[in-house]
Each structure stands twice: as C-alpha cells, then as structure tokens.
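This report refers to the structure that appears directly beneath it.
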Amino acid sequence: MPLIRFVLAQLLGWALIFAALKLGAPLTGLALAIGQGALAALASRALHSARWWHVIHLGFTPLVWASSQLGISAGWYLAAFAVLALFYWTSFRTQVPLFLTNAPTARAVLDLLPRRPARVLDAGAGTGSLLRPLAAARPDCHFVGIEAAPGPWLIGRLLAARSPNIDWQRGDFWADDWGAYDLIYTFLSPVPMPEVWAKAQREMRADARLVSNSFAVPGAQPDFVVPATDAGGRELYVYSPTTKRKAPIKG
C-alpha cells in the first residue's frame with residue numbers, strides 16, 4: 001500500500017540520518033531536515049513508489065521543521081489534520097484525491113445523457129457539483145452520488161437536500177451494482193482506471209455509457225472524446241464498456 005511505503009521510506013531516511021550523526025556528520029536544523037527528505041525520497045524511489053511521492057518526501061520533513069519555527073499552537077495543527085482527514089478520508093489507500101467537476105463539464109455531461117428518463121451514477125461524487133446541475137436540468141432522470149469521505153459527503157448532502165431526484169449516499173462505489181445505470185461518470189485518477197474498466201465490463205448494460213473525466217482507460221478505445229475546449233478544460237472519454245469491439249486492457 002502507498003501509505004506503508006511512505007512510512008517505510010521515512011523510517012529509512014531517519015535511520016540513515018541517525019547513522020550519519022553517529023559518524024559525526026554536522027547536521028542540525030534545516031540541513032538535517034533537508035538531508036532526511038532527500039534520503040527518504042531516494043528510499044521511496046528504491047521502493048518503486050510513484051514519482052509524486054518522491055516530491056512529498058523531499059518536502060515533508062523540511063516543512064515540519066519550518067512550521068516548528070513559527071510558534072503556532074499544536075492545536076491548530078491537530079485541527080488542520082482533522083479537516084484534511086475529513087476531506088481526504090481514503091486518498092492514501094485509493095490514490096484518488098478530491099476533484100470537483102466544474103460547471104462547463106457538467107453542461108458537457110448533460111449533452112451525453114440519454115433523451116429518455118435515465119439512471120445516472122457519479123462514482124466518487126465529491127460535493128455533488130456534477131449531479132446538482134444535472135438534476136435541475138433533467139427532472140425526469142434519477143441521479144445517484146456515492147462519496148466515501150465524510151467532509152464532501154456532508155456538504156453534498158446539505159446541498160442536494162432540495163433535489164428530489166438525487167439519491168445521495170455515503171459508501172464505497174465499488175460495492176454498488178453498476179448494472180442499474182444508463183450512464184456512469186468518474187473523475188478519479190489514473191490508478192484505479194483499469195479496475196473501473198473491469199467492473200464496467202462485468203456489470204454495465206450493453207447500451208450504457210461510461211464517462212471518465214481526464215483519465216483514459218489504458219488499452220481501451222473510447223467511442224469518442226469530448227475535447228477539453230468543450231468540457232471545462234478537461235477531456236471527457238466516453239466508452240461503451242460491454243461492446244465486443246472494445247480492446248482489452250493491456251498489462
């Protein structure tokens with residue numbers, strides 16, 4: 001798991017720093033923090049973590065040292081940690097940060113909905129920034145938003161309270177049956193896309209669409225791509241997962 005690799009790389013970085021101190025290396029303060037960050041980043045690379053984890057390791061201990069010089073009460077750090085935990089509840093495990101869909105993207109997705117009444121799922125719905133405008137524009141459709149992190153879920157719950165055609169849920173969208181939907185929208189990250197594709201191929205109906213914001217499915221050919229200029233600055237990849245003409249996932 002990424003979190004385990006993070007902790008292990010940090011421990012290796014500190015172990016090497018302590019060894020250097022034992023050998024008489026003149027490391028203190030910021031120099032020590034920078035040295036530990038560099039060693040942790042090297043350890044992260046050796047553990048084959050994603051590249052962006054190397055950057056986090058480089059900055060983690062120096063930032064901790066810098067913040068300790070500001071004289072801020074420890075309570076504020078605890079409060080900041082609590083807020084981050086509420087909004088990035090499972091990011092370490094899923095490697096999916098909080099992305100919010102903007103209004104132009106919502107309008108582009110609206111054009112992709114079936115003309116008939118339909119069921120739509122936003123898998124990882126954030127605060128509901130996609131579903132609310134869709135629900136207002138298409139009262140004949142039923143929209144389901146599933147979000148795991150409690151902070152975004154609570155905001156979405158409050159904002160969707162006046163939308164009778166939105167079913168706002170807190171939970172794991174992987175556990176949901178995707179066969180009940182005519183269109184499924186995801187705005188996740190590159191990491192889970194192969195698993196998204198496998199689930200979509202297993203469960204979605206032949207006439208259903210999978211729409212992925214920004215992140216293409218590796219090895220699968222989309223039906224078409226809505227260009228970024230028409231979708232709020234990010235491309236939309238539109239798939240029909242259960243059609244036989246789709247290429248299988250590679251690797």
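The values are calculated or read from the model by the stated rules, or taken from the named source; none is laboratory data. Keep in mind that this is a model prediction, so the values were computed, not measured. So basically every Cβ, Gly included, is an ideal-geometry build from the backbone, and we count neighbours across all protein chains shown. The area values use the complete protein model at the heavy-atom level, side chains included, leaving out ligands, DNA and RNA. Shrake-Rupley method; radii C 1.70, N 1.55, O 1.52, S 1.80 Å.
Summary of computed values
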item: Residue identified as among the charged types (D, E, K, R), closer than 27 Å to Lys199 by Cα and touching an Asp or Glu at 6+ places or on another chain (Cβ under 7 Å) among Arg119, Arg132; result: Arg119
item: Residue within region 30-40 that is in contact (Cβ under 8 Å) with a residue 24 or more places away in the chain, closer than 30 Å to Val191 by Cα and surrounded by fewer than 15 Cβ atoms within 10 Å (Cβ to Cβ) present; result: no
item: When residues of region 147-195 are limited to those that are modelled with pLDDT of 95 or more and of a type in the set (Val, Ile, Thr), the one surrounded by the fewest Cβ atoms within 10 Å (Cβ to Cβ); result: Thr186
item: Residue within region 160-175 that is part of a helix (DSSP H, G or I), free of Cβ contacts under 8 Å to residues at least 40 places away in the same chain and of a type outside the set (A, V, I, L, M, F, W, C) present; result: no
item: Residue selected from region 7-19 under the condition of a type in the set (A, V, I, L, M, F, W, C) and open to solvent by less than 30 Å² (accessible area, probe 1.4 Å), by the criterion nearest to Trp53 (Cα to Cα); result: Ala9
item: Of the criteria (1) farther than 23 Å from Arg119 by Cβ; (2) open to solvent by 70 Å² or more (accessible area, probe 1.4 Å), which one Gln201 fails; result: (1)
item: Flag for Ala206 being closer than 21 Å to Val238 by Cα, of a type in the set (A, V, I, L, M), within 16 Å of the chain's Cα centre (by Cα) and not in a helix (DSSP H, G or I); result: no
